[in-house]
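One structure below.
Any read-out appearing in this document is the output of simple, stated calculations on the displayed coordinates, not a laboratory observation. Keep in mind the model is a prediction, meaning the values are calculated, not measured. Here the Cβ positions follow ideal geometry from the backbone for every residue, glycine too, while neighbour counts run over all protein chains shown.
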Amino acid sequence: MGSLMLSVDAVTFLEKEGFPVLRSLLAATEDEAAARAAEIGFPVTLKLSSPDVIHKTEADGIRVALRDAAEVRQAFREIVGSFTTGNPGKGLDGVMVQEQGSGAEVIVGMLTDAQFGPVLMCGLGGIFVEAMKDVTFRLVPIERRDAREMLEELKGYGALRNPRKGPIDLAEVEDFLLGVSAFLRDHPEVREMDLNPVFISTRGVRICDARIKTG
Amino acid sequence: MNEKLSRLFSPGSVAVIGASNSFDKLGYHVMKSLVGNYRGRIFPVNPKGGKVWDISSYPSLESIPGDVDLAVIAVPAGMVAGTLHACGRKNVSGVVLITAGFKEIEDPGGASLEGEIRDIAGQYGLPIIGPNTFGFVNLSSSVNASFTSEFSRIEKGGVALVSQSGGICHLCGFLAIEQRVAMSKLMSLGNRCNVDFPELLTYLVDHDDSTKVIALYIEGLDEPRKLLDAARALQGRKPIVALKAGKSEKGDSASRFHTGSLAGSHAIWKGALRQAGILEVATAEELLDTAKAIDSCPLPRGGRVAVLSGQAGPGMIASDALEPCGLTLSRFSEETQRRINDLLPPIAIRTNPVDMGPAWYNPRNIIEILRAVLDDEGTDGVIFLAMYASANLRLADGMVEHMKTADPFGKPVIACFTAPPGIWDGPIGALDRKKGIAILPTPERAARAMANLWRVNALVNGKGVKTWDH
């Protein structure tokens, strides 16, 4: 079946592969969460980390913009509490403490199609992924022109290009897509991957969360 | 392979194996397609002997004196293997295998039989179109090696239609006759035994001067990357347009990844086709319209369109159709507007869309308006609309007269000339596909084809077109 790499593990792995990520640390306890948050610097985000949960938002597993240790502790208790009540018997790795991301959210993903082989996807991310299905596909490997067109084809392209918070350097997003394509070429063992969300802002591109299936 | 395909498509002689005088045999209809149309030698092969379609037949391929370039096989599936051996021994250049009953059937025996014939073909290096095909028509050299003789009525031109379905060839072939789409080749690859899309693309792009644009109909492929890689390698040489059937957008619902659950097969095809430089279209009608426009018109450098109409209404719906497909109404320069104003009295709208009604009885002025607009740097193409009315009967003939001495247009002109059957047929035929004009049935289809011409230009020249989706 291969193996599944999640949240902190996946983000850390991608960081080692040279991708820009939001700093992320795993905490098993409330105390640990507070310590990690201080280490990263406030504000932080806390996220449920479980192999059984794909939709963290729906599982009530995300708390954002936590400004101090007290808020982090409170958030930790809420996330773990609601997961334990809602998912008896399911596994919990802990809670991910993460540098607060900002900007537009996109999803960059990969799947291995029976006919096409490795396929790259890019789209509007965050809570809009399922609702809007505003995504585009290309076969791996891609060229710069493909990267540009993957973005241009999005219905939300206008919103990406003209966000209210300042101009995004789309060439940097293209670089990121080319980087993912190169990574996939060098790692044929990757079968399926979600980088979701990836924040893009004036400060650049940052992977916020990821899951990677190899095998 | 390409040399053999050249001989297969333009053979000096054709043997029809299974040729028959009996209407309910496909070999009868293949003979009907060849006799009186094909200029090379025809060898009917039938073990019963005698005359077939008034031509002396041969009991076997071996008994034919001289070379056979193409063998069209229409015998029962069980006899195909032996027939292919005979073709190999006779040094036939290529085969059209009409016979069905191979891997397309439910019985697994069909697939193993197909494996067997592929091996035999490989042994002799014999390219096979089919099995399970209606055949092909090569209009550029008047070869109709199919069981539908009426395909010979398609006009000779630059569109090659390569299909995974014979039915789609019949749909598009007859529409092509009706709508004056001019073709170089029309073929169904059937089960694609050893001649598949990649081989055909390479042949049509590199070795077939008569083909200017390639139209593909694709259902599903086990290894789509082969087609896409071939197209990508040929990108920018000849435009390729594709209609892909199977529009399911359903992803893998079992996937625990967003990407997997969102990746419907059609969504991947869509991205992959564009990546390969192939223009995807949504319908058979759009496939033909687009191919015809590419065959007939120069590619536009941008999406700014002038609409010239003899009546206001059709001009308005053409204008409305521009924006959804990514085009805009062009803005005329002062110079252009002055030229138009000199040709049109101020009793109609003279800005874009131009109502040419007041010049309706003056074909010279109509052509001059068209020329003024085409000269404008700010206009990339023209949609020209002429609806017949009894009083403007002579307009179309007048335009033909003026176009005779005109230089070809440097920008695309997509026109609708709409009249009751029989009235403008002559002039429509004389104007269509000449000097940069393509005639299509409706303003909306004209707009769509114009947009696709622009997209093709973007694919060929690597320029981005933002509004890609329909």
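Structure summary
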{"read-out": "Exposure proxy order (Cβ contacts within 10 Å, fewest to most) of B:His29, B:His207", "value": "B:His207, B:His29"}
{"read-out": "Eligible lysines near B:Lys103 by straight Cα distance, threshold 29 Å, same-chain separation 8 or greater", "value": "B:Lys4, B:Lys25, B:Lys32, B:Lys90, B:Lys185, B:Lys226, B:Lys244, B:Lys247, B:Lys250, B:Lys270"}
{"read-out": "Spatially close lysines, pair count over segment B:339-470: Cα under 26 Å, gap of eight or more or interchain", "value": "7"}
{"read-out": "Rounded, prolate or oblate (a/c below 1.5 giving rounded, otherwise prolate when a/b exceeds b/c) for segment B:189-318 by Cα gyration tensor", "value": "oblate"}
{"read-out": "Rounded to 5, percent antiparallel among DSSP beta bridges of chain B", "value": "15 percent"}
{"read-out": "Whole-Hz couplings from phi, Karplus 6.51/-1.76/1.60, listed for segment B:195-200; x for Gly and Pro", "value": "10, 10, 3, x, 4, 5"}
{"read-out": "Dimensions (Å) - segment B:132-191, Cα atoms, principal axes, largest first", "value": "28, 21, 18"}
{"read-out": "Positive-end residue of A:Gly91, B:Phe43, B:Asn392, charge dipole of the protein assembly as shown with Cβ unit charges", "value": "B:Asn392"}
{"read-out": "Efficiency of FRET between B:Ile55 and A:Thr85 - r from beta-carbon atoms, R0 51 angstrom, step 0.05", "value": "0.05"}
{"read-out": "For segment B:287-298, Karplus couplings with θ = phi - 60° (6.51, -1.76, 1.60), whole Hz, Gly/Pro x", "value": "4, 5, 4, 5, 4, 5, 5, 5, 5, 9, 10, x"}
{"read-out": "Interchain or long-range residues, amide H under 5 Å from B:Ala215's placed H", "value": "B:Ala160, B:Leu161, B:Val162, B:Val241"}
{"read-out": "Given charges at beta-carbon only (K, R positive; D, E negative), |dipole| of chain B in Debye", "value": "480 debye"}
{"read-out": "Stokes-Einstein translational diffusion, the protein assembly as shown - Kirkwood Rh over all Cα pairs, 0.890 mPa s, 25 °C, in µm²/s", "value": "85 µm²/s"}
{"read-out": "Lys/Arg +1, Asp/Glu -1 at C-beta; segment A:104-214 dipole; positive extreme among A:Pro141, A:Val106, A:Ser201", "value": "A:Ser201"}
{"read-out": "Net charge contributed by nearby residues that have their C-beta within less than 10 Å of B:Ser296 (K/R +1, D/E -1)", "value": "+4"}
{"read-out": "Amide H contacts under 5 Å for B:Leu329, placed H, 5+ residues apart", "value": "B:Val305"}
{"read-out": "Amide H within-cut-off set for A:Arg191, under 5 Å, with H built and near neighbours excluded", "value": "A:Lys213, A:Thr214, A:Gly215"}
{"read-out": "Whole-number D in µm² s⁻¹ for segment A:104-214, Kirkwood Cα-pair radius fed into Stokes-Einstein, 10 °C, 1.306 mPa s", "value": "114 µm²/s"}
{"read-out": "Computed E for B:Arg237/A:Arg67 - FRET, C-beta separation, R0 45 angstrom, nearest 0.05", "value": "0.15"}
{"read-out": "Between 0 and 90°, nearest 10: helix B:80-89 axis offset from chain B longest Cα axis", "value": "90 degrees"}
{"read-out": "Compactness of segment B:2-292 - radius of gyration and Dmax, Cα, Å", "value": "19.4, 68"}
{"read-out": "Peptide A:142-152 - average C-beta neighbours from other chains (10 Å radius)", "value": "3"}
{"read-out": "For the protein assembly as shown, size of Cβ-based charge dipole, Lys and Arg +1, Asp and Glu -1, in debye", "value": "1500 debye"}
{"read-out": "Cβ charges +1 (Lys, Arg) and -1 (Asp, Glu), total dipole of segment A:104-214, debye", "value": "260 debye"}
{"read-out": "Antiparallel %, DSSP beta bridges [both residues in the protein assembly as shown], to 5", "value": "50 percent"}
{"read-out": "For segment B:300-429: rounded, prolate or oblate by the Cα gyration tensor [a/c cutoff 1.5]", "value": "rounded"}
{"read-out": "From phi via Karplus (6.51, -1.76, 1.60), per-residue ³J(HN,Hα) for segment B:241-254 in Hz, x at Gly/Pro", "value": "10, 9, 10, 10, 7, x, 9, 4, 9, 7, x, 7, 5, 7"}
{"read-out": "Debye-sum result for segment B:54-110 in log10 I(q)/I(0), which assumes one identical scatterer on each alpha carbon, at q = 0.25, 0.26, 0.28, 0.30 Å⁻¹", "value": "-1.07, -1.13, -1.23, -1.33"}
{"read-out": "Likely footprinting exposure, B:Leu8, B:Leu273, fewest C-beta neighbours within 10 Å first", "value": "B:Leu273, B:Leu8"}
{"read-out": "Overall form of chain A per C-alpha gyration tensor (a/c, 1.5; a/b vs b/c)", "value": "prolate"}
{"read-out": "Gap separating the Cα centres of segment A:120-152 and segment B:138-208, nearest whole Å", "value": "35 Å"}
{"read-out": "Range of Cα positions in segment A:3-102 per principal axis (Å), largest first", "value": "37, 36, 22"}
{"read-out": "Peptide B:274-284 - average C-beta neighbours from other chains (10 Å radius)", "value": "2"}
{"read-out": "Local net charge near B:Ala19, Cβ-Cβ under 11 Å (Lys/Arg +1, Asp/Glu -1)", "value": "+4"}
{"read-out": "For A:Glu143, A:Glu71, order by how many other beta-carbon atoms lie within 10 Å, fewest first", "value": "A:Glu143, A:Glu71"}
